[in-house]
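Take a look at the structure set out below.
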Amino acid sequence: MKTTTYQTVDGASFTATDAADLMRQLRLDSWNPEDSEEAYCVATARACKMQTGKPHRDSPPEALVEDMIASGLIIPEPEKS
């Protein structure tokens with residue numbers, strides 16, 4: 001199974017199999033995990049927009065992760081060969 005490691009702007013590192021897995025891990029590590037994964041994604045998209053000034057889609061998780069990468073909030077590490 002292929003995994004990708006992501007670095008956050010605050011220096012945390014997460015290794016995930018897909019976008020939904022990354023969002024689950026971010027939620028587990030969050031000081032504000034919300035009541036559900038969906039609510040967490042909505043809150044995260046809102047916080048990302050406040051931080052960057054750019055809109056972030058809250059669903060599906062793949063779209064939110066794409067937007068977070070595009071705005072520089074998370075950075076996927078290059079694959080190691």
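The values are calculated or read from the model by the stated rules, or taken from the named source; none is laboratory data. In this text, all values refer to a predicted model and were calculated from it rather than measured experimentally. A quick note on method: Cβ atoms are made from the backbone with ideal geometry, for glycine too, and the neighbour counts reach across all protein chains shown. Accessible surface areas use protein heavy atoms only, side chains included; no ligands, DNA or RNA. Shrake-Rupley method; radii C 1.70, N 1.55, O 1.52, S 1.80 Å.
If I ignore ligands, DNA and RNA and count only protein heavy atoms, how much of K49 is accessible to a 1.4 Å probe, in Å² to the nearest 10?
Ignoring ligands and nucleic acids, K49 comes out at about 110 Å².
I'm spelling it out carefully: the read-out is mean projected area of the Cα convex hull in nm², the candidates are (i) 8.0; (ii) 5.3; (iii) 5.8, and one was derived from this structure. Which label?
(ii)
Contour minus end-to-end for A70 and K49, with contour as 0.36 nm per residue of separation and end-to-end as the Cα-Cα distance?
6.3 nm
Using a Förster distance of 22 angstrom, determine the FRET efficiency expected from the C-beta separation of N32 and E77, and round it to 0.05.
Plugging the Cβ-Cβ distance into 1/(1 + (r/R0)^6) gives 0.30.
Tilt of helix 61-70 relative to the longest C-alpha principal axis of the chain, in degrees (0 to 90, nearest 10)?
The angle comes out at about 80 degrees.
Output the 0 to 90 degree angle, nearest 10, between the alpha-carbon long axis of helix 37-52 and the longest principal axis computed from the alpha carbons of the chain.
So the inclination is approximately 90 degrees.
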